[in-house]
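The values are calculated or read from the model by the stated rules, or taken from the named source; none is laboratory data. Here the structure is a predicted model, which means the values were calculated and not measured. Note that each Cβ is placed from the backbone with ideal geometry, even for glycine, and that neighbours are counted across all protein chains shown.
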Amino acid sequence: MNIKPLGSKMIVESDGAEKQTKGGIIIANAKDDGLTTGTVLAIGKGSYDERGKFTATETQPGTKILFNAGSGEKFKYQEKEYIWLHEDEIIGTL
């Protein structure tokens, strides 16, 4: 992937909840709630706090994470869907 996140932002490929039934029916109003898992594809180097202290990111590309399904911002890149997350939106690693 050619996109490089800045700060403590990351790009995640979500394992995601199904929004389409097995029969092919698309659920238009599927609600994004609960927890989901995903894999970190890329992450920034870290960010500065309000006092100017730099804090490096702890997560590494390839890490399997747990986060709220409604977190972050979804985007499409080269016909595939990804999520921008901030490192503090991660609940835990798996």
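Go through the range 1-37 and report how many residues are closer than 18 Å to E79 by Cβ and at pLDDT 80 or above.
Keep residues of the range 1-37 that are closer than 18 Å to E79 by Cβ, which gives 1-3, 11-14, 16, 19-20, 26.
Cutting the leftovers down to at pLDDT 80 or above gives us 2-3, 11-14.
The qualifying residues number 6.
When residues in the range 60-70 are screened for being modelled with pLDDT of 95 or more and among the polar types (S, T, N, Q), 2 of them pass. In the range 71-94, the qualifying residues are those that are closer than 17 Å to K9 by Cβ and outside any strand (DSSP E or B), and the one that is modelled with the lowest pLDDT is S71.
Identify all residues within the range 29-70 that are assigned to a strand (DSSP E or B) and of a type in the set (D, E); write none if there are none.
Keep residues of the range 29-70 that are assigned to a strand (DSSP E or B), which gives 35-43, 46-48, 54-56, 64-68.
Within the range 29-70, none qualify.
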